[in-house]
1. With a 10 Å cut-off between alpha carbons and a GNM built on the chain, which of ASP112, ASP36, ASP151 moves the most?
2. So how much slack lies between ALA78 and TRP3, counting 0.36 nm per residue of separation and subtracting their Cα-Cα distance, in nm?
3. Could you tally the net charge around TRP71, taking each other residue with its Cβ under 13 Å from the Cβ of TRP71, Lys/Arg +1 and Asp/Glu -1?
4. Go through PHE54, ALA31, MET41 and say which Cα lies farthest out towards the positive end of the charge dipole of segment 1-74; charges sit on Cβ, +1 for Lys and Arg, -1 for Asp and Glu.
5. DSSP loop (so not H, G, I, E, B), at most 12 other Cβ within 10 Å: list which GluC sites (Glu not before Pro) in segment 57-165 pass both filters.
6. Can you list the HN-Hα couplings for segment 83-100, worked out from phi with the Karplus curve (6.51, -1.76, 1.60; θ = phi - 60°), rounded to whole Hz and with x for Gly and Pro?
7. In deg cm²/dmol and to the nearest 500, what is the mean residue ellipticity at 222 nm of the chain if only DSSP H runs of at least 4 residues count, each as -39500 (n - 2.57), divided by the residue total?
8. Among residues other than GLY143 whose Cβ falls under 14 Å from its Cβ, what is the net charge (Lys/Arg +1, Asp/Glu -1)?
Amino acid sequence: MLWMCPARAGRLTLVVQPAAGGAEVHLEAAAEEHHDLCVAMPMTGLSPATAYVFRFEHDGAVIGRGSFRTWALPETPARVSLALGSCAYTESSPVWTRMLASGCDALLLMGDTPDIDSYDLTTARRRHREFLHIPELRPLLAGRPVWRTWDDHDFGLNADLGDAA
């Protein structure tokens, strides 16, 4: 699945092609305000252990490019390297560049990424967009699978239970 959150509403086209060449696959979807402009496009029919390139077009203009490699078949032994992150803010950080340079196969963000610490939906949406546009983080996101889980600071205040526990 490829995911995109453009800066404004409109028609999105995802173009995917094997990196070695071959037929392009075009998928279309609408980025709409009531979905916070987020679009998830499921991909089917991809070959295992194959490199692909993709681009997102928004109303005809290219707004993003990337690449990925599909996983090997489950019965194929493989070594996988995961980069792990948590408790990040929306500022630039060399940690994202180091993760990319490590050659990791995927990124797992384990909460508080970004650390929002607010119940205000407008603030949360803005901070998530700022996080996804960190210059050092963008190449990491564009070239490998990313899994995220939310923790207390991702959508509210610190969940300090104090004496209630």
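Coordinate-derived values only; no laboratory data. As the structure is a computational prediction, the values presented were derived from the model and not from experiment. Please note: Cβ atoms are built from the backbone with ideal geometry, for glycine as well, and neighbour counts cover all protein chains shown.
1. ASP36
2. Values: separation 75, 0.36 × 75 = 27.00 nm, distance 2.57 nm.
Fully extending the segment from ALA78 to TRP3 adds 24.4 nm.
3. Numbers: positive: ARG69, ARG79, ARG144; negative: GLU75, ASP105.
With Lys, Arg at +1 and Asp, Glu at -1, the net is +1.
4. Of the candidates, PHE54 comes out farthest on the positive side.
5. Numbers: sites: GLU57, GLU75, GLU91, GLU130, GLU136; in loops: GLU75, GLU91, GLU136.
Listed in order of number, the matching sites are GLU75, GLU91.
6. So the Karplus estimates, Gly and Pro as x, are 9, 10, x, 6, 6, 10, 10, 9, 8, 4, 8, x, 4, 5, 5, 5, 4, 4 Hz.
7. On the way: 4 runs with 29 residues, N = 165.
It lands at -4500 deg cm²/dmol.
8. On the way: positive: ARG55, ARG65, ARG69, ARG138, ARG144; negative: ASP105, GLU136.
Every neighbour counted, the sum reads +3.
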